[in-house]
Structures are given as C-alpha cells and as structure tokens.
Amino acid sequence: MTEVAIVGAGLIGLAIAWRTAQRGVSVTLIDDQPERAASRTAAGMLAPISELHYGEQKLLQLGMRAAQRYPEFVAQLREASGIDVGYRRCGTINVGLDNDDHRALGELFDYASTQGVQLQRLRGRECREAEPLLAPSVRGGAAVESDHHVDPRKLLAALRVAAESAGVTIVSSRVQELHCDADQVHGVRLDGGETVDAPKVVIAAGCWSASIAGVPLAARPPVRPVKGQLLRLKAPAGTPFLRHTVRGLVHGAPVYLVPRSDGELILGATCEEQGFDLRVTLEAIYTLVRDARLLIPGITELELVEISTGLRPGSPDNAPIVGPHGPRGLYWATGHYRNGALLADITAAGVANLLTTGVLPSELAPFSAHRFATFSLKTSQRWPS
Ligand code: GLY
C-alpha cells in the first residue's frame with residue numbers, strides 16, 4: 001500500500017512525486033516508457049510572454065508566476081540532486097522577418113502590453129545589435145528580458161534523483177488499468193497482474209492520460225497529442241551560439257532557436273495534429289531549417305546532432321488540466337501542452353498541497369479538471385479505452 005500512486009514519469013509526474021514525498025507522503029511512480037515523455041524532445045523555453053497567444057490571459061498569469069519561482073526551484077533541485085539543469089537567464093528576442101511578420105508581432109505585443117507584461121520594442125538594427133547573427137533583412141521585434149530556458153533532459157534526470165532521494169518508489173511497468181469503483185479509487189493494476197494499492201491516484205501521463213483503461217469515460221480529460229519535430233545542432237566552440245533565445249515569425253510561420261551554454265542549439269518546432277505519430281518528415285525538417293536560415297544565416301555551418309519528435313499533451317484551451325475529477329481519490333495533472341518545463345513545479349507544488357490538505361491553490365483554480373466535464377461527456381467515445 002502506498003498513499004499516492006502517480007502514473008507517468010515525465011516532468012509533471014516526477015515533480016509531483018518529489019514535492020509530495022517531501023511532505024512525508026509515501027509515493028509510487030509508475031511508467032514503463034519514460035523516454036517517450038514530451039519533455040525528452042522539448043526545448044525547455046520558460047517563456048510565458050514570448051509564447052503568448054490571443055485569449056490566453058489566465059495561462060499567461062500562471063506562466064509568469066511559474067517563471068518568477070524558477071530560480072528557487074532550480075536551486076532546491078540542485079541541492080536535492082546535485083545536478084545543474086542548465087537554467088540560462090538569457091532573455092528572448094522575438095523578431096519578424098518581413099513587413100507582415102513585423103506587423104503581426106506588433107499586434108501581439110500590443111495585446112501583451114494590455115496584460116501588464118514587460119517587453120522592449122526593437123527596430124531591425126536594434127535586433128541585430130542585441131543579436132549580431134540575425135540576418136540584415138530582419139524587420140524588427142521585441143526583447144523580453146524575463147523569458148529564459150532550461151534543459152528538460154537535465155531537469156528530468158535531476159527530478160528523478162531528487163524524487164528517489166525523497167523516498168519515491170519508481171516502478172518500471174505498464175499501467176493496465178485504474179482500479180476503482182463508482183465512488184472511490186483503489187489503485188492501479190499493472191501488466192503482469194500485480195496491483196499498486198493506493199487511495200489516491202494522480203494521472204500525469206501527458207497525451208496518453210485519456211487512454212488509461214478503467215477510468216470512467218466521463219472523467220477522462222480532453223487531451224490529445226500535438227506532434228513537435230525539432231533539431232539539435234552543435235556549435236563548434238562549445239559556447240552558446242546565440243546571446244538570447246531567438247523566436248521568429250518567417251513569412252507567417254513560427255520558428256525558434258534556443259542556445260544552451262555548452263553550444264547545443266535547439267531549432268524547433270512543428271505543431272502538428274497527426275495523432276500518435278512520431279515519424280520524422282522531411283517537409284518539417286526542411287521547413288524549419290529553411291526558415292531558421294532566413295533569420296540566422298550562420299546556422300547551416302553547425303553540426304546536426306539529432307532530430308527528435310515528441311507528442312505534447314494539448315488541451316482545448318492550451319492550458320493544463322489539474323485537480324480532482326471522477327471517483328474520489330482520482331487526480332489529473334496533464335494538458336501542459338507547450339509549457340511543461342515552465343509549469344512543472346507550480347503544478348507539482350499545487351498538487352502536493354491538494355493531496356495533503358485537500359486544497360488546490362487559487363492560482364491553479366482556473367485550470368481545474370472539472371472545466372471540461374460537459375466536453376468530456378460529449379466526446380469521450382472518441383478515445384480508446
Ligand atoms: N514550448 C515550445 C514548444 O512547445 O514547441
């Protein structure tokens with residue numbers, strides 16, 4: 001018997017396991033394929049302002065709170081794990097390549113300004129002063145000094161060490177089904193027939209969260225896979241290739257470049273509604289390289305180290321799905337879509353509080369799992385059981 005069973009050992013599941021175990025609760029974390037976590041592919045941008053989309057005010061506020069607490073989070077994680085997670089406070093330059101891109105970004109920055117965020121508009125020349133490798137044709141943009149990044153693979157490794165040090169039991173097995181009756185969760189059954197008995201189960205299985213057998217149809221969250229393809233490049237000198245993260249709009253298409261301290265440069269990413277498809281496509285890679293080269297002509301000199309694909313857990317409003325829903329003892333932490341690294345700790349702290357005191361902090365209240373209850377009832381037949 002464990003007090004809490006968590007399904008899914010990606011960033012969200014690991015962070016919840018760690019934060020919950022820190023409160024003296026016995027936790028078992030179950031995942032047979034942690035390597036398929038979206039965070040293994042993710043670039044790790046901590047960029048609530050640069051990632052802002054129209055209509056996402058509540059997500060912006062949550063993201064800005066999460067970004068503020070990041071220094072404390074990485075310091076605590078380093079203390080607990082001994083691992084440096086590559087948190088680089090380099091800011092982000094957002095640029096538009098042509099006049100239309102510049103105008104579209106300008107309108108988005110106008111909207112961002114109404115939400116009380118800090119950004120600095122830049123002319124083309126000023127963009128290049130800030131980031132000398134940008135192409136002369138870049139029309140203009142804005143700097144966001146508070147949007148940084150972290151290395152999600154290092155974050156995964158650190159959270160795993162921290163969770164295990166805090167007493168979390170990690171089980172490498174497939175969850176066959178949730179074990180529950182109409183009123184109460186009892187744990188999970190694993191492949192092979194054994195059970196993990198627990199009065200509380202947290203499902204943090206990313207885009208697979210809606211597919212776990214045994215979960216009542218009406219309780220399943222409307223998460224879906226949103227495919228991302230990206231490239232890992234390497235600068236020869238082993239120093240950051242760019243001073244800042246660069247996000248660009250190139251003839252209407254978004255592209256980003258995330259420079260790590262050790263010379264790795266992440267070039268991403270597609271956003272594809274292709275179901276559970278992890279194939280690499282030449283179209284995606286060609287388009288990313290072509291558009292990135294228009295922004296930073298020098299990138300084609302770099303070594304291509306890896307092409308990765310991952311499946312983000314998308315939700316209907318692009319925001320996470322957190323909290324109880326369904327039989328007593330069943331909790332959700334999924335739907336983090338493009339913001340898993342940013343929101344991992346704020347989600348984990350909130351869920352740990354929920355599990356131990358029954359209270360979901362007010363900052364997470366707008367992201368309750370109940371908000372899609374009607375939606376789930378209407379559409380749940382579409383998900384496999
Ligand atoms: N947050 C970046 C991405 O999802 O591609």
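The values are calculated or read from the model by the stated rules, or taken from the named source; none is laboratory data. What you see is a predicted model; the values in this text were computed from it and never measured. So basically every Cβ, Gly included, is an ideal-geometry build from the backbone, and we count neighbours across all protein chains shown. We work out accessible area using only protein heavy atoms, side chains counted, and drop any ligands, DNA or RNA first. Shrake-Rupley method; radii C 1.70, N 1.55, O 1.52, S 1.80 Å.
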Task: Positions within the stretch 118-174 being closer than 29 Å to GLY106 by Cα, surrounded by fewer than 17 Cβ atoms within 10 Å (Cβ to Cβ) and aliphatic (A, V, I, L, M), in sequence order - done: LEU133
Task: Residue check, ALA333 surrounded by 24 or more Cβ atoms within 10 Å (Cβ to Cβ), closer than 14 Å to VAL201 by Cα and of a type outside the set (Asp, Glu) - done: yes
Open item on the list: For the stretch 312-326, give me each residue that is open to solvent by less than 10 Å² (accessible area, probe 1.4 Å) and not aliphatic (A, V, I, L, M).
Closed with: GLY314, SER315, PRO320, GLY323
Open item on the list: Within the stretch 56-71, does at least one residue satisfy the condition of being within 16 Å of the ligand (Cβ to nearest atom), within 25 Å of PRO361 (Cα to Cα) and either assigned to a loop (DSSP other than H, G, I, E, B) or open to solvent by 70 Å² or more (accessible area, probe 1.4 Å) (or both)?
Closed with: yes
TODO: Filter the stretch 282-311 down to residues that are more than 16 Å from the ligand (Cβ to nearest atom) and not in a helix (DSSP H, G or I) and give me whichever is surrounded by the most Cβ atoms within 10 Å (Cβ to Cβ).
DONE: ILE296
Open item on the list: Any residue that is part of a helix (DSSP H, G or I) and within 16 Å of the ligand (Cβ to nearest atom) - is there at least one of those in the stretch 356-365?
Closed with: no
Task: Matching entry among GLY206, GLY192, GLY214 (being at positive phi and surrounded by 22 or more Cβ atoms within 10 Å (Cβ to Cβ)) - done: GLY206
TODO: Considering only the stretch 11-55, state which residues are on the phi > 0 side of the Ramachandran plot and in a helix (DSSP H, G or I).
DONE: none
- [ ] Tell me which residues, restricted to the stretch 79-113, are part of a loop (DSSP other than H, G, I, E, B), of a type outside the set (Gly, Ala, Ser) and open to solvent by 40 Å² or more (accessible area, probe 1.4 Å).
- [x] ILE83, ASP84, TYR87, ARG89, ASP98
Open item on the list: Looking at the stretch 254-265, I want the residues that are closer than 11 Å to HIS149 by Cα and have a partner that is in a strand (DSSP E or B) and of a type in the set (D, E, K, R) with Cβ atoms under 6 Å, at least 6 apart or on another chain. Which pairs are those?
Closed with: SER261/ARG88
